[in-house]
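Any read-out appearing in this document is the output of simple, stated calculations on the displayed coordinates, not a laboratory observation. Note that the structure is a prediction, hence the values are computed from the model and not measured. Ideal geometry is used to build each Cβ from the backbone, glycine not excepted, and the neighbour counts take in all protein chains shown.
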Amino acid sequence: MAWCIRDGLSGSLVGTYWLAAPYTSEGKRISVDAQRIAKPFWRTGRTMAARRLVYRYAFEDLAVEEIHASAWDHNVNSCRSMERAGFELVEVAARFNPKHGKELNERHYVLTRERWCRLSQRSGDG
Ligand SMILES: CC(C)(COP(=O)(O)OP(=O)(O)OC[C@H]1O[C@@H](n2cnc3c(N)ncnc32)[C@H](O)[C@@H]1OP(=O)(O)O)[C@@H](O)C(=O)NCCC(=O)NCCS
């Protein structure tokens, strides 16, 4: 699934959000997410607002139990943004990066439904 994110006031294109069709692995219903936000909108709250809508849909409507996501470890923006959203680091593994032409470390994160519910209740979003 893919969504286009638009700014509510200007209608400008803010970015794109992807959520993979859920699959089952080791008895858990899992999805994977990714997003690309236009630079002028970084750190403006739009990414977090989009995350809230997408995660509510994934956990409540699609009955997903875990959302998995990953980023190269030099992608500070992505890693911090995920950590701020509640993702927990589960693995760091080397993988060939075609853009850099060498192996780099990739950080793998998981956001569980329980953790998302807890954090949403604490921030008043639940
Ligand atoms: C990754 C990306 C989506 C992050 O979007 P963003 O809007 O800048 O990030 P967020 O607003 O979600 O950040 C949330 C919090 O994370 C932390 N954070 C984010 N970037 C940070 C940075 N560079 N340094 C320190 N903390 C950071 C902050 O606490 C921030 O909250 P604040 O702005 O209130 O201080 C955006 O940079 C992007 O689209 N990058 C290109 C594509 C990409 O790498 N996508 C991810 C992999 S698919």
Value at 222 nm in deg cm²/dmol, rounded to 500, when DSSP H runs of n ≥ 4 in the chain each add -39,500 (n - 2.57): -7500 deg cm²/dmol
Extension reserve of the Arg56-Trp72 stretch, reckoned as 0.36 nm per residue once the Cα distance is removed: 3.2 nm
From the C-alpha gyration tensor of the stretch 28-94, square roots of 5λ in Å: 20, 18, 9
For Ser78, Ser123, order by how many other beta-carbon atoms lie within 10 Å, fewest first: Ser123, Ser78
Surrounding net charge for Ala38, when Lys and Arg each add one and Asp and Glu each subtract one, Cβ distance under 15 Å: +4
Within a Gaussian network of the chain (alpha carbon springs, distance under 10 Å), most fluctuating of Arg107, Arg43, Arg52: Arg43
Residue among Leu89, Leu53, Leu111 with the largest mean-square fluctuation in a Gaussian network model of the chain, springs linking Cα atoms under 10 Å: Leu53
Gain in span if fully extended, Asp125 to Asp7, counting 0.36 nm per residue against the direct Cα distance: 40.5 nm
Prolate/oblate/rounded call for the chain, Cα gyration tensor, a/c under 1.5 rounded: oblate
Top of Arg95, Arg36, Arg51 by mean-square fluctuation, Gaussian network on the chain, Cα under 10 Å: Arg95
